[in-house]
Every structure is written in C-alpha cells, then in structure tokens.
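Quick note: the coordinates plus some simple rules give every number you see, no bench work behind them. Quick caveat: nothing in here was measured; it's all calculated off a predicted structure. Here the Cβ positions follow ideal geometry from the backbone for every residue, glycine too, while neighbour counts run over all protein chains shown.
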Amino acid sequence: MCLAIPSKITQISNHMATIDVDGVQREASLLLLEDAGVGDYVIVHAGFAIQKIDEAAAMETLKFLKEAAAFVEGGGKGMTNDE
C-alpha cells in the first residue's frame with residue numbers, strides 16, 4: 001500500500017524539486033509534470049511528482065492525516081463501531 005501525502009514545492013533546479021511536508025524536506029523529480037512551479041502542491045510517488053493538487057485539497061488532506069495519526073497514537077480511543 002502506498003500513502004500519497006501532499007508536498008509543497010519550495011525550490012526547483014534541473015527538473016528536480018525540493019518538497020516540504022511539515023518541515024521535512026526531500027527531493028522529487030518533476031519530469032512527469034509539465035507545469036509544476038515553486039509554491040505548488042504535488043503528490044509524489046516513488047520519487048516522482050505525479051500530480052498537482054490545489055492548496056485547499058492539500059491542506060484538507062494534511063489535516064486529515066494529522067488527525068488520523070493522533071487517533072492511532074491515542075490508541076484509537078473515542079471512536080465506536082457506530083461512527
């Protein structure tokens with residue numbers, strides 16, 4: 001299973017982007033995207049940016065992932081089978 005986390009492009013050099021997620025920076029290839037630029041949010045898979053997404057969708061997804069991580073770290077308390 002692969003989890004796609006929205007990442008913000010902070011720098012571009014020679015078709016390589018520096019991407020950032022909550023202060024964690026990595027490198028990703030932009031060879032599969034024609035129009036990605038600094039400030040754009042992208043989905044990265046296997047080291048390649050494969051899709052641009054808008055900032056609102058990126059923020060919503062990141063919020064959901066943080067909530068899910070907090071839920072798991074809290075032992076899954078607060079949820080029932082009915083929710």
Can we say SER29 is under 22 Å from ALA69 (Cα atoms) and out of contact with any Leu (no Cβ under 7 Å at 6 or more places or on another chain)? no
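Residues are listed down the side, and each one gets a yes or a no for (1) touching a residue at least 24 places away in the same chain (Cβ under 8 Å); (2) touching a Lys or Arg at 6+ places or on another chain (Cβ under 9 Å):
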| residue | (1), (2) |
| --- | --- |
| ASN14 | no, no |
| VAL24 | no, no |
| ALA28 | no, no |
| ILE43 | yes, yes |
| ALA46 | no, no |
| LYS52 | no, no |
| LEU62 | yes, no |
